[in-house]
Every structure is written in C-alpha cells, then in structure tokens.
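Encoded as structure tokens, the structure appears first; notes follow it.
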Amino acid sequence: MATNPTHLDTWQLSRRSVLGLLGTVPLAGTLTAAPRLVQAAPDADLARRIEEIMARPAFGGARWGAQFYAPDTGESIYALNTGEPFVAGSSSKVFVGGTAFLTLGHDRRMPTRVYRTGPVRGGVLHGDLVLVAGGDLLLAGRLRPDGGLALPDPDHTYHTTPGAGPVSGDPVRELRRLAAEVATRIKRVEGRVLVDGTLFREGTENLANGVTATISPVMLNDNLVDVSVGPGSRPGMPAALDVSPRSSYVRIVNEVRTIAAAEAASARPLAFADDVRHPDGTRTVRLTGDIPDDSPGLFRAYFVPEPAAFTQAIFARLLRDKGVRIGARRGATTGSGARRLVAEYLSPVLSDQLKPMLKVSSNLHTEAFPYLIGAIAGRDPDDPKAAGQRVRRELFEKAGFDPEPPGSAQNRYTPQYFVEFLAYMARQPHFHRYRAALPILGRDGTLKNIQPDSPAAGHVHAKTGTSLRNEDGKWMNRQALAGYVELPGSRRLTFAAFVGIETASADAAREMSKVTGQALGEIAAAAYITQSG
C-alpha cells in the first residue's frame with residue numbers, strides 16, 4: 001500500500017473508467033455464476049484479532065468495513081458493515097483487470113508489426129515502412145532476462161513521487177530489435193517511416209495530481225520521456241540532465257539551477273513549462289526549478305502529447321543506427337499498394353499487461369484498458385469507450401452483478417460487492433494468472449513494505465487503494481485492501497477491508513496513511529494466521 005502522499009491514488013475512478021469497459025462480443029472463456037454469501041457465525045479468534053487492531057488509540061473515530069469469505073463453504077467468516085459503500089480508491093482496479101482478463105483472454109498478445117508498402121529491390125524499399133501499433137502497453141524496457149517485469153514502486157508514471165525514476169531496462173529495446181530485423185532485409189527506404197495508430201482513436205484522460213495523458217495504441221516507454229536531474233558542479237551552475245529516450249521529437253531546454261544545500265527549503269520544484277509545437281511537428285519544452293548541490297538526484301517525466309510522432313522519430317533513429325538510410329530521392333514515389341509484413345514483435349501475455357496497473361497501480365495503464373477492450377473486444381475503433389459500456393453491462397449482468405451499484409459513480413463499493421466479485425474471478429479458468437498480477441503482501445508492488453515479516457507474507461494477493469482528500473474542510477484518509485488470502489491445502493479466502501479516518505491536516509493524513517496501510521495488511525495477515533491451523 002503506497003505511503004507517499006503523491007502516490008496515494010487520490011484520483012477518483014469514474015464508474016465508466018472502472019466498469020464501463022467492453023463491447024457486445026462473446027466473452028473469453030466460459031463464465032461461471034457469481035457465488036452468493038451465506039452468513040455464518042464469525043470466527044471468534046479472527047474477530048478478536050481484527051477488533052484489537054481497529055481499537056488502537058491511533059484509530060479513534062475511524063470508520064471500518066471488512067468481510068472475509070470462504071468460497072469453498074460459501075460462508076462469510078467475518079463481517080463488519082458489509083453492505084455500506086466505502087471509498088475504494090485504486091482497489092477498484094480489480095474490476096478493470098478482471099474485465100480485461102475475461103473479455104480479451106489471459107494469453108492474448110499484442111502485436112507490433114512493421115510493413116512495407118512497395119517492392120524491395122537490391123535492398124532498396126521503393127515505398128514506405130509502416131510500424132503498426134497493436135496496443136502493447138509494455139514497450140518500455142520492462143521485460144527482464146528471466147521473463148519477469150521491472151515494476152518499481154513508485155513507477156515512473158508517478159513522476160512527481162520522491163523515489164520515482166526511469167524503468168531500469170532499455171526503454172526502446174523492443175523497437176531496437178524490430179529495427180535490427182528490418183535492417184537484415186532493407187538497406188534504404190526511399191519513402192517514409194510511418195507509425196499507424198489506428199487500432200483506436202486516441203483520447204485524453206486526466207490522471208492523478210493534475211497530469212493529463214494521451215491514451216494511444218502506441219505506448220513506447222509509457223509515452224514518457226524520462227528526465228533524471230543531477231546537481232551541477234557548484235551552486236549557480238545548470239543542473240545535469242539525462243534524457244531517455246532521446247529523440248528529435250522533443251527538445252528539453254535545461255533551466256534547472258543548482259543551489260546551495262542551505263537554500264533547499266526555498267527550492268523551486270521541477271516543472272515543465274512553455275510546451276511549444278513547431279510547424280514540422282517537433283516540440284520544445286523548458287524544464288525549470290532548482291536542485292540542491294547535495295541532492296542525490298531528482299526525476300521528472302514528460303508526458304508525450306503525440307505518441308505516434310514520438311515513436312516515429314525514435315524508430316527512424318534506430319533504423320539509421322542499424323545502417324538503414326531513409327529519405328525519398330528527388331522524383332521518387334512512395335508505395336501505396338498492399339502492405340507486406342517485414343518484422344513482428346509479440347508482447348507478453350495479457351496477464352502480464354495487467355501488472356503495471358495492479359502491482360504498482362499505474363493510472364496511465366488503467367485508463368488505457370477501456371480503450372483497448374472497446375477497440376478489440378467491442379470492435380469499435382472510433383468510440384471504444386462507448387463500445388466498452390455495452391460489453392461491460394453484458395459481462396456483469398451475465399455474472400449476476402449490478403454493473404452500477406449504488407455509490408459506484410463516486411467509486412464507492414461495499415465489502416460484499418468486492419468479495420463476491422473476487423470469488424467469481426477465482427472460479428474462472430486460468431484464475432492463477434489474474435491472482436499473480438496482484439501485489440503480494442511483503443513481497444512486491446504496493447504491498448512490498450506491508451507486513452514483510454508476517455507469517456502471511458507471500459500468501460496474500462491484494463490490491464491497495466488510498467485516497468487523501470479535503471472533504472468539506474476536513475482532511476480524510478481513506479484506504480482499502482481487497483484480494484485473496486491463500487491458505488494451506490489449496491484453500492483461499494476472498495476479502496475486502498476499508499478504513500476512513502479524519503485527520504487534522506494534509507500532512508497528518510499522509511502520516512496516518514502509513515499507519516492505516518500497515519493495519520489493513522495486518523488484518524489480512526490475521527486471517528491467514530487464524531485460518532491456517
């Protein structure tokens with residue numbers, strides 16, 4: 001559960017973003033009916049442990065809700081305010097992930113393909129070279145040699161969060177491989193290098209902390225230019241910038257000043273300013289602010305407004321790096337005939353595509369999924385979110401869920417709604433892949449530092465959610481945790497736990513979030529400990 005205030009999922013997922021995802025097509029796999037809860041006598045030991053946590057002095061005046069459900073018996077073994085809606089924060093991303101999983105299929109791969117539009121003679125392409133985006137959200141150097149994904153928390157999509165930085169891998173590795181494959185067949189392109197992003201119409205979405213992002217089927221390095229900032233040689237000197245990936249698409253003008261450590265309290269924050277688009281499509285933007293001379297480094301990410309142009313500039317550079325010459329000769333004509341495949345890259349499977357959204361709670365990836373599902377499952381590239389609305393309703397109604405339960409427009413859900421949905425997902429084919437995409441208590445993602453020394457560490461897979469908001473002059477810390485407790489003997493519980501507590505200030509809410517985050521993890525751990533005997 002994230003504990004830094006700028007990485008606390010303070011956004012409000014709209015009902016449309018969370019559940020309004022899909023179009024009218026057959027669902028991937030065979031869906032089983034949603035279970036319904038049977039209220040049983042609560043487990044006394046579990047209830048005692050949970051109530052001891054909730055009764056701590058630090059939580060005076062807090063409002064709690066929780067439910068733990070055993071799908072194998074159909075019984076609820078702990079219940080508190082289960083029918084009351086609570087602010088879910090990013091825990092509601094389990095609905096987005098579940099919808100994608102069920103409609104696109106756990107093993108779907110997103111292709112990135114390169115085509116030619118003319119003949120190749122003697123290594124010369126008499127036509128255009130076209131890179132066609134297939135919606136791969138992981139063209140970002142995240143894939144590690146062992147097949148796992150680099151998922152740092154905080155992720156670079158939360159660029160203003162202290163500790164954020166570039167993803168560790170080469171951000172253009174997959175495009176570099178495509179360029180190398182093209183270069184084995186083509187030595188000169190007499191036409192143009194183009195990027196086709198027509199899988200769906202782009203849109204603009206508001207992310208957390210006032211960030212606006214273009215949602216596109218082209219997502220190279222999450223459509224970010226990562227800028228690592230280090231202090232200059234002495235106060236008064238410009239900062240040192242490391243820009244990745246570099247391209248002719250955008251020039252970042254360095255106006256970050258090095259200041260003495262003693263002046264750190266008055267340092268200007270890093271910010272991009274005066275983003276100018278030139279007639280040729282390139283851009284210039286200023287990076288302003290201060291960095292103390294003893295700083296280990298700062299980070300900001302520039303969100304690319306035109307992903308296709310950004311990717312085109314980088315792909316053309318990579319081709320040139322591989323020895324491919326680009327540019328039409330005088331009088332040359334570009335090909336306009338049928339496209340012929342030259343190179344192809346297939347993404348990791350969909351269950352891996354879910355991990356940036358679920359493991360590290362990337363809002364950027366969350367906003368991309370409605371577009372992807374509407375375009376692919378809904379077969380509507382022009383208005384994929386509207387197509388998504390239609391299939392979302394079909395999916396949830398067929399499964400026995402109200403697609404718009406009371407409060408969902410404000411991203412409020414009851415504990416019972418969560419545990420029933422999670423139990424439903426647990427009965428679907430290949431469920432283990434969905435569960436694996438969730439953060440793991442004490443091990444990874446936003447749960448890496450929650451209860452790492454507990455016996456339950458490694459046995460709870462759950463999505464975090466945090467909202468710090470000023471509500472009618474009162475600063476509220478609201479947090480959630482929802483997912484699975486994996487027990488010995490292949491048994492499991494589904495659960496959802498929520499807390500809301502008033503604090504005196506924004507700073508107090510941030511500090512309280514660290515305490516309530518651990519408490520929710522401790523509650524989940526209590527279920528593992530009491531039910532494992």
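The table that follows gives values for the structure above.
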item	result
Selection count, the stretch 282-307, where residues are surrounded by fewer than 13 Cβ atoms within 10 Å (Cβ to Cβ) and closer than 17 Å to Arg246 by Cβ	0
Output for the stretch 179-195, where each listed residue is out of contact with any Asp or Glu (no Cβ under 8 Å at 6 or more places or on another chain) and surrounded by 18 or more Cβ atoms within 10 Å (Cβ to Cβ)	Val182, Ala183, Ile186, Glu190, Val195
Any hit, the stretch 17-25, residues being closer than 30 Å to Lys385 by Cβ and either surrounded by fewer than 19 Cβ atoms within 10 Å (Cβ to Cβ) or modelled with pLDDT of 95 or more (or both)	yes
Pair list, Cβ < 7 Å and 6+ apart or interchain, from the stretch 48-59 residues that are under 17 Å from Gly521 (Cβ atoms) and not assigned by TED's automatic domain parsing to the domain that holds Ala526 to residues that are among the β-branched types (Val, Ile, Thr) and surrounded by fewer than 17 Cβ atoms within 10 Å (Cβ to Cβ)	none
Contacts under 6 angstrom Cβ, first residue in the stretch 433-447 being within 13 Å of Ala524 (Cβ to Cβ), partner among the charged types (D, E, K, R), 6 or more apart	Leu438/Lys463; Pro439/Lys359
Odd one out for Val324, checked against (1) within 30 Å of Arg433 (Cβ to Cβ); (2) surrounded by 21 or more Cβ atoms within 10 Å (Cβ to Cβ)	(1)
Among residues of the stretch 158-214, those that are without any contact (Cβ under 8 Å) to a residue 60 or more places away in the chain, more than 26 Å from Leu143 (Cβ to Cβ) and not β-branched (Val, Ile, Thr), counted	1
Output for the stretch 116-129, where each listed residue is crowded, with 20+ Cβ neighbours inside 10 Å and not acidic (Asp, Glu)	Arg116, Thr117, Gly118, Leu125, Gly127, Leu129
Residue selected from the stretch 144-157 under the condition closer than 15 Å to Val360 by Cα and in contact (Cβ under 8 Å) with a residue 24 or more places away in the chain, by the criterion surrounded by the fewest Cβ atoms within 10 Å (Cβ to Cβ)	Pro152
Filter result (in contact with a Lys or Arg (Cβ under 8 Å, 6 or more places away or on another chain) and on the phi < 0 side of the Ramachandran plot) within the stretch 281-305	Thr282, Arg283, Thr284, Val285, Leu287, Thr288, Asp290, Ile291, Asp293, Pro305
Answer from Thr446, Thr466 - the residue that is part of a helix (DSSP H, G or I), in the same structural domain as Met54 (by TED's automatic domain parsing), more than 27 Å from Ala44 (Cβ to Cβ) and of a type in the set (Ser, Thr, Tyr)	Thr446
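Residue-by-condition table, conditions (1) touching a strand residue (DSSP E or B) at 6+ places or on another chain (Cβ under 6 Å); (2) more than 28 Å from Thr503 (Cα to Cα); (3) at pLDDT 95 or above:
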position	(1), (2), (3)
Gly442	no, no, yes
Gln451	no, no, yes
Ala462	yes, no, yes
Gly473	no, no, no
Ala480	yes, no, yes
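This table checks each residue for (1) in contact with a strand residue (DSSP E or B) (Cβ under 9 Å, 6 or more places away or on another chain); (2) buried (at least 19 other Cβ atoms within 10 Å of the Cβ); (3) outside the structural domain of Ala213 (by TED's automatic domain parsing).
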| residue | (1), (2), (3) |
| --- | --- |
| Gln353 | yes, yes, yes |
| Ser361 | yes, yes, yes |
| Leu364 | yes, yes, yes |
| Tyr371 | yes, yes, yes |
| Arg392 | no, yes, yes |
| Pro403 | no, no, yes |
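Residue by residue, here is whether (1) surrounded by fewer than 19 Cβ atoms within 10 Å (Cβ to Cβ); (2) modelled with pLDDT of 90 or more; (3) assigned to a helix (DSSP H, G or I); (4) at positive phi holds:
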{"position": "Arg36", "(1), (2), (3), (4)": "yes, no, no, no"}
{"position": "Asp45", "(1), (2), (3), (4)": "yes, yes, yes, no"}
{"position": "Glu51", "(1), (2), (3), (4)": "yes, yes, yes, no"}
{"position": "Trp64", "(1), (2), (3), (4)": "no, yes, no, no"}
{"position": "Gln67", "(1), (2), (3), (4)": "no, yes, no, no"}
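Let's see how each residue does on (1) over 25 Å from Leu151 (Cα atoms); (2) in contact with a Ser or Thr (Cβ under 8 Å, 6 or more places away or on another chain); (3) surrounded by 22 or more Cβ atoms within 10 Å (Cβ to Cβ):
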position	(1), (2), (3)
Asp170	no, no, no
Ala208	no, yes, no
Ala213	no, yes, yes
Ala239	yes, yes, yes
Ser248	yes, yes, no
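The values are calculated or read from the model by the stated rules, or taken from the named source; none is laboratory data. Treat the numbers as computed from the prediction; the structure is a model and nothing was measured. In this analysis, Cβ positions are derived from the backbone assuming ideal geometry, glycine residues included, and neighbour counts consider all displayed protein chains.
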